1. If I filter region 17-27 for residues that are over 21 Å from I99 (Cα atoms), in a helix (DSSP H, G or I), modelled with pLDDT under 85 and of a type in the set (S, T, Y), do I get at least one hit?
2. Suppose we filter region 38-64 for residues that are closer than 21 Å to V98 by Cα, modelled with pLDDT under 90 and open to solvent by 70 Å² or more (accessible area, probe 1.4 Å); how many remain?
3. Among the residues of region 76-97, write down those that are open to solvent by 40 Å² or more (accessible area, probe 1.4 Å) and at pLDDT below 90.
4. Just one of the numbered conditions (1) surrounded by fewer than 16 Cβ atoms within 10 Å (Cβ to Cβ); (2) under 15 Å from the mean Cα position of the chain (by Cα); (3) at pLDDT below 90 is not true of E71; which one?
Amino acid sequence: MKKLISLMLFPFLIIPFGTRANENFSVEIEALTLVMEKYKEDSESRVELDMEEKKSSYMALKQDECNATVEVTEKTGLEVVNTESFDVNVCLKEIYKVIN
């Protein structure tokens, strides 16, 4: 009987922990979404003559409750072709490209 009760209550113990993850990473998720939409538009508008397939990888670092830095790296296999950084204000939905 105790096992049956514990099996019934077990899923309810896990659910609150799973919902906190989205709250903790909401700034990074929103920043990545904004940059991916913008970067996809920019990359589609460019005419590429290269035959090699470039794959983009994204990394976001939270600065505060509204700001994050997103780094976009283009690779062809193991070779890094291009790296760009963006400062993103999630509250105002603004993206600023960082010039190195």
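1. Step one: filter region 17-27 for residues over 21 Å from I99 (Cα atoms), giving 17-27.
Filter again for in a helix (DSSP H, G or I), leaving 17-24, 26-27.
Going one step further and asking which of them are modelled with pLDDT under 85, we end up with 17-24.
Subsequent filtering for residues that are of a type in the set (S, T, Y) retains 19.
The answer is yes, given that some residue of region 17-27 is over 21 Å from I99 (Cα atoms), in a helix (DSSP H, G or I), modelled with pLDDT under 85 and of a type in the set (S, T, Y).
2. 7
3. Let us first name the residues in region 76-97 that are open to solvent by 40 Å² or more (accessible area, probe 1.4 Å), namely 77-83, 87, 91-97.
Matches in region 76-97: G77, L78, E79, V80, V81, N82.
4. Unmet for E71, out of (1) surrounded by fewer than 16 Cβ atoms within 10 Å (Cβ to Cβ); (2) under 15 Å from the mean Cα position of the chain (by Cα); (3) at pLDDT below 90: (3).
The values are calculated or read from the model by the stated rules, or taken from the named source; none is laboratory data. Please read all numbers here as calculations on a predicted model, not as lab measurements. Neighbour counts are summed over all protein chains in view; Cβ atoms, including those assigned to glycine, are modelled from backbone coordinates with ideal geometry. The accessibility values were calculated without ligands, DNA or RNA, using every heavy atom of the protein model including side chains. Shrake-Rupley method; radii C 1.70, N 1.55, O 1.52, S 1.80 Å.
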